[in-house]
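Worksheet: one structure, shown below.
The values are calculated or read from the model by the stated rules, or taken from the named source; none is laboratory data. Keep in mind it's a predicted model, so treat the numbers as computed, not measured. Neighbour counts run over all protein chains shown; Cβ positions are idealised from the backbone, glycine included.
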């Protein structure tokens, strides 16, 4: 009996997080955060293909990084001391699960969290 493809291997790791911060300083600085994101991606052996960000009138911003291994997206709400992080890495050519977890944890730490809600999906 042939096993289902979904039972054979984990294709990737998807981490979605909501973060409340102690202060909103880093939620306002898109350029500083962009540099941190790109350095963290590179330091963990992943490959950024491009970054797109947009700053909103409230000072918040959204940033999306297209990765060779998939994507990273984040959105900030400085007036609420709140942000979301969404990172997915696929494991097509190698296991990127550790890199995905480390990048997520590094970003959370960068924003000095007071509360974190994290969901981890494998698939």
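Within the stretch 80-90, count every residue that is touching a helix residue (DSSP H, G or I) at 6+ places or on another chain (Cβ under 7 Å) and closer than 11 Å to residue 11 by Cβ.
Selection size over the stretch 80-90: 1.
So which residues in the stretch 50-64 are outside any loop (DSSP other than H, G, I, E, B) and touching a residue at least 24 places away in the same chain (Cβ under 8 Å)?
55, 61, 63
Look through the stretch 65-104, keep the residues that are part of a loop (DSSP other than H, G, I, E, B) and touching a strand residue (DSSP E or B) at 6+ places or on another chain (Cβ under 7 Å), and return whichever of them is modelled with the lowest pLDDT.
So in the stretch 65-104, the residues part of a loop (DSSP other than H, G, I, E, B) come out as 68-69, 81, 91-96.
Now narrow it down to the ones that are touching a strand residue (DSSP E or B) at 6+ places or on another chain (Cβ under 7 Å): 68-69, 81, 91, 96.
Details: 68: 96, 69: 96, 81: 96, 91: 87, 96: 95.
That would be 91.
Out of 107, 46, I need the residue that is surrounded by 16 or more Cβ atoms within 10 Å (Cβ to Cβ) and assigned to a loop (DSSP other than H, G, I, E, B). Which one? Lay out the reasoning, then the answer.
Working: 107 fails: assigned to a loop (DSSP other than H, G, I, E, B).
The conditions single out 46.
Which count do you get for residues in the stretch 42-80 that are within 16 Å of residue 25 (Cα to Cα) and within 12 Å of the chain's Cα centre (by Cα)? Please lay out each step first, then the result.
Of the stretch 42-80, the ones within 16 Å of residue 25 (Cα to Cα) are 55-62, 74-80.
Subsequent filtering for residues that are within 12 Å of the chain's Cα centre (by Cα) retains 62, 74-75.
Selection size over the stretch 42-80: 3.
Within the stretch 52-76, track down each residue that is in contact with a helix residue (DSSP H, G or I) (Cβ under 7 Å, 6 or more places away or on another chain) and surrounded by fewer than 16 Cβ atoms within 10 Å (Cβ to Cβ).
Within the stretch 52-76, 53, 55, 58, 59 meet the criteria.
Surrounded by 14 or more Cβ atoms within 10 Å (Cβ to Cβ), in contact (Cβ under 8 Å) with a residue 40 or more places away in the chain, out of contact with any strand residue (DSSP E or B) (no Cβ under 9 Å at 6 or more places or on another chain) and under 19 Å from residue 88 (Cα atoms) - does that describe any residue in the stretch 12-35?
No - not one qualifying residue is present in the stretch 12-35.
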